[in-house]
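Colleague: To start, I am sharing the structure in question, which I have written as structure tokens.
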Amino acid sequence: MDQELKNKIEELEKKIDAVYQSVEKMRKYFLLIFWITLVTFVLPLILMMFVVPMFMKNYISSFQGLL
């Protein structure tokens, strides 16, 4: 009985290690997705807050002589 219990515990440890490795891979994948999203979506939005007002100022100033 003691040997059987020891075998079961070793088997469970192997499964736990496999689950841990899988979770770590998923964590790294989600972290990568987070950074890609930040760079491709949030960063351009922040930059647009500065670029659009400058563009509008230049665009509107080009019509000042017509009024």
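Every number in this text was worked out from the coordinates using simple rules, so none of it is lab data. These figures come from a predicted structure and were not determined experimentally. Backbone-built Cβ (ideal geometry, glycine too); neighbour counts: all protein chains shown.
Colleague: Return the distance in nm (one decimal) between the two label points of a simple spin-label model at L43 and K25, each offset 7 Å from Cα along Cα→Cβ.
Modeller: Output for this residue pair reads 2.8 nm.
Colleague: If you don't mind, there's one more thing I want to ask. Assign unit charges at the C-beta atoms only (+1 for Lys and Arg, -1 for Asp and Glu), then state the dipole size of the chain relative to its Cα centre in Debye, rounded to the nearest 20.
Modeller: 460
Colleague: Number of Lys pairs in the chain with C-alpha atoms less than 23 angstrom apart, excluding same-chain neighbours closer than eight positions?
Modeller: Pairs that pass both the separation and distance tests number 6.
Colleague: Please determine, in degrees from 0 to 90 and to the nearest 10, the orientation of helix 43-61 with respect to the longest principal axis defined by the Cα atoms of the chain, where the helix direction is its Cα long axis.
Modeller: Relative to the chain, helix 43-61 is tipped by roughly 10 degrees.
Colleague: Any chance you could run the full-extension gain for I36 through E13? It's 0.36 nm times the residue separation minus the Cα-Cα distance, nm to one decimal.
Modeller: Difference between extended and current length: 4.8 nm.
Colleague: Would you be so kind as to identify which of V19, F55, L38 lies farthest towards the positive end of the dipole of the chain, taking Lys and Arg as +1 and Asp and Glu as -1 on Cβ and the Cα centre as origin?
Modeller: F55
Colleague: ³J(HN,Hα) across segment 17-34 via Karplus (A = 6.51, B = -1.76, C = 1.60, θ = phi - 60°), whole Hz, x for Gly/Pro?
Modeller: 4, 5, 5, 4, 4, 5, 5, 5, 5, 5, 4, 5, 5, 5, 5, 4, 4, 4
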